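Presented below is the structure to which this report refers.
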Amino acid sequence: MKKLRKAVLPVAGLGTRFLPATKAAAKEMLPVVDKPLIQYAIEEARAAGIEQFCMITGRGKVALVEHFDVAYELEATLRQRGKERELAMLREAQLPPGSIVAVRQQEPLGLGHAIWCARAFVGEDPFAILLPDDLILSETPCTLQLARAYEQTGGNVVAVVDVPREQTNRYGILKVGHDDGKLVEVVGLVEKPRPEEAPSTLSIIGRYVLMPEVIPHLARMERGAGNEVQLTDAMAKMIGQVPFHGLRYEGRRFDCGDKIGFLEAQIAFALRRPDIAPAVRQFLANYQESA
Ligand code: UTP
């Protein structure tokens, strides 16, 4: 079994739920506390042993790639001013030379199309996908949990969580075979089913480990829900061809592509930061009183 070393990060979506913030700037550059979403995703991937990164970018997304460059002038100024802590913070965001590439998705035709754009990067290797607007707060980074499951099972492994039945029409939903409470066998997949038609309430979140065999399925460019090329539809074609599991990951997921999810993430992540948690707790108490 090949070791997981590659990650694809699709960031070419339009971010319509976050307009007007996303009119000229990328949603994935929005910070949660003080770190942009894209940096959380890259750090999570690195914690899982991933060494090569491919961002699927589009118009107005250049800053996402530049965020991982060395900022010479800024570093020099910080050094001059003795700002060692800030300097160390910048260093954390840097990636080894040559470890990040960007591929353009000229038109946002869907997540499946975005992943297909990474076909040359993927080659014959297994790869992780991280959707940076899904932010996960957990003891063990979610991608590391997936990588460990993949080492056990091989094949595709996707992170899953139970959602309220009335929300199945927002997600890719699993039809479940054997279920040991943590790892579930995937025997079917449906993208955004109506609640009454959903085969379960187990939904896929924005973390995947996929086999390169998904690429030829994507290459057919079949349109699915919303007339987009859906990743879920291509993955569904792999059932029976490769082992396929869902992992009930440990942690809390925040949909930061959505205003409410984004605000909740700010609070949850701020409360984990010893430097600001007391102040945040205090102002939250004020709001509770006035609510
Ligand atoms: P979303 O469904 O969140 O779409 O995409 P979006 O365009 O980013 O946001 P809304 O729904 O309009 O507010 C999930 C992920 O897939 C990427 C997005 O950047 C996001 O990380 N994506 C989606 C692409 O890269 N290309 C696409 O054509 C579609």
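The values are calculated or read from the model by the stated rules, or taken from the named source; none is laboratory data. The shown structure was predicted, so the numbers you read here are calculated from the model rather than taken from an experiment. Neighbour counts run over all protein chains shown; Cβ positions are idealised from the backbone, glycine included. Side chains are part of the model used for accessible areas, which takes the heavy atoms of the whole protein and leaves out ligands, DNA and RNA. Shrake-Rupley method; radii C 1.70, N 1.55, O 1.52, S 1.80 Å.
Cα gyration tensor of segment 167-248, axes a ≥ b ≥ c as square roots of the eigenvalues: rounded (a/c below 1.5), prolate (a/b > b/c) or oblate?
Verdict is oblate for segment 167-248.
Which distance in Å, rounded to a whole number, links the C-alpha centroids of segment 77-101 and segment 43-59? Spelled out, the Cα-based centre of one part sits 18 Å from the other.
Using all pairs of distinct alpha-carbon atoms, the Kirkwood hydrodynamic radius of segment 1-151 works out to 16.4 angstrom.
Close lysine pairs were tallied over the chain: pairs 8 or more places apart or on different chains with Cα atoms under 19 Å apart number 11. Ranking 156, 173, 105 by how far each Cα lies toward the positive end of the dipole of segment 67-190 (charges on Cβ) leaves 105 at the top. Backbone phi angles across segment 242-253, fed through the Karplus curve with coefficients 6.51, -1.76 and 1.60 (θ = phi - 60°), yield HN-Hα couplings of 9, x, 8, 10, x, 10, 6, 6, 8, x, 10, 10 Hz in residue order; Gly and Pro are listed as x.
Counting only heavy atoms of the protein chains, get the accessible area per residue of the chain (1.4 Å probe) and round it to a whole Å² value. Walk me through the numbers on the way to the answer.
Values: 14630 Å² over 291 residues.
Value for the chain: 50 Å² per residue.
Ranked by the mean number of other Cβ atoms within 10 Å of their residues, highest first, the peptides 35-43, 247-255 come out as 35-43, 247-255.
Secondary-structure-derived ellipticity at 222 nm for the chain, considering helices only, amounts to -9000 deg cm²/dmol, per-run term -39500 (n - 2.57) for DSSP H runs with n ≥ 4. Compute the separation of the alpha-carbon centres of segment 106-151 and segment 239-283 and state it in Å as a whole number. Their Cα centres are 17 Å away from one another. Can you give the relative contact order of the chain as a percent, counting alpha carbon pairs under 8 Å and 6+ residues apart? Once divided by the residue count of the chain, the mean separation gives 22 percent. In sequence order, segment 227-237 has phi-based couplings of 6, 9, 6, 8, 4, 4, 5, 5, 5, 4, 5 Hz under the Karplus curve 6.51 cos²θ - 1.76 cosθ + 1.60, θ = phi - 60°, and Gly or Pro positions carry x. Peptides 5-12, 82-89, 230-237 ranked from most to least packed by the mean count of surrounding Cβ atoms within 10 Å: 5-12, 230-237, 82-89.
Report in % the part of the accessible area of the chain that belongs to carbon and sulfur, leaving out ligands and nucleic acids; probe 1.4 Å.
Accessible surface attributable to carbon and sulfur in the chain totals 53 percent.
Taking the average, over residues, of other Cβ atoms within 10 Å as the packing measure, peptides 209-215, 197-203 rank 209-215, 197-203 from highest down. Given a Förster distance of 45 angstrom, what is the FRET efficiency for residue 77 paired with residue 248, based on the Cβ-Cβ distance and rounded to 0.05? That gives a FRET efficiency of 0.45. Taking a ≥ b ≥ c as the square roots of the eigenvalues of the Cα gyration tensor, segment 66-148 is classed as prolate, since a/c reaches at least 1.5 and a/b is larger than b/c.
May I ask what percent, to the nearest 5, of DSSP beta bridges between residues of the chain are antiparallel? Roughly 60 percent of the beta bridges in the chain run antiparallel, per DSSP.
Counting pairwise Cα distances across the chain, what percent come out greater than 33 angstrom? Cα-Cα pairs of the chain separated by over 33 Å account for 23 percent.
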